[in-house]
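Accompanying notes for the structure given below.
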Amino acid sequence: MPLSDREQQILSEIESQLANEDSKFVKRIRRTPASLGRVRLRYAIIGLVVGLVMLLAIAINPWGPFVAFAGFVLMLVSAVAAGNQLKTLGEDRDSNLGGQLKGGFSRYMEGRRHSDDGDDRA
């Protein structure tokens with residue numbers, strides 16, 4: 001049920017008072033799950049890059065094998081985190097990115113089904 005004009009006005013007044021009193025709280029509340037997901041995705045990508053650099057350090061560092069193994073583990077964890085975050089963002093239909101991810105995957109799967117139907121090999 002939509003709010004009446006009077007209720008909308010009251011909510012706007014409360015919001016403006018809260019913004020004047022505690023701006024940090026308002027900034028923290030305004031973060032959407034999609035924006036937090038994008039931040040987590042950025043961290044995962046940074047982890048992938050750092051892990052790759054650590055993996056390439058095998059040639060210049062006497063501790064190379066240990067650093068390379070740690071880099072591989074970091075890349076693995078970052079890739080899993082990025083995949084999970086992309087999946088979460090794709091399921092969020094309210095965000096623009098979620099609709100794009102979901103729509104792109106649906107179009108990809110639809111194209112795969114049509115190409116599989118075209119194969120009439122015996």
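The values are calculated or read from the model by the stated rules, or taken from the named source; none is laboratory data. From a predicted model like this one, the values you see are computed outputs, not experimental measurements. Neighbour counts run over all protein chains shown; Cβ positions are idealised from the backbone, glycine included.
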Verdict on residue 21 being farther than 29 Å from residue 84 by Cα and either modelled with pLDDT of 85 or more or surrounded by 11 or more Cβ atoms within 10 Å (Cβ to Cβ) (or both): no
Single match in 58, 46 (criterion: exposed (fewer than 12 other Cβ atoms within 10 Å of the Cβ), out of contact with any Lys or Arg (no Cβ under 6 Å at 6 or more places or on another chain), at pLDDT 75 or above and assigned to a helix (DSSP H, G or I)): 46
Number of the exception - residue 82 against (1) in a helix (DSSP H, G or I); (2) modelled with pLDDT under 65; (3) in contact with a helix residue (DSSP H, G or I) (Cβ under 8 Å, 6 or more places away or on another chain): (2)
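So, in segment 88-115, how many residues would count as being farther than 13 Å from residue 38 by Cβ and either surrounded by 13 or more Cβ atoms within 10 Å (Cβ to Cβ) or at pLDDT 85 or above (or both)? Break it down stepwise before answering.
Narrowing segment 88-115 to residues farther than 13 Å from residue 38 by Cβ: 91, 93-94, 99, 102-115.
Cutting the leftovers down to either surrounded by 13 or more Cβ atoms within 10 Å (Cβ to Cβ) or at pLDDT 85 or above (or both) gives us 99, 102, 105.
Number of matching residues: 3.
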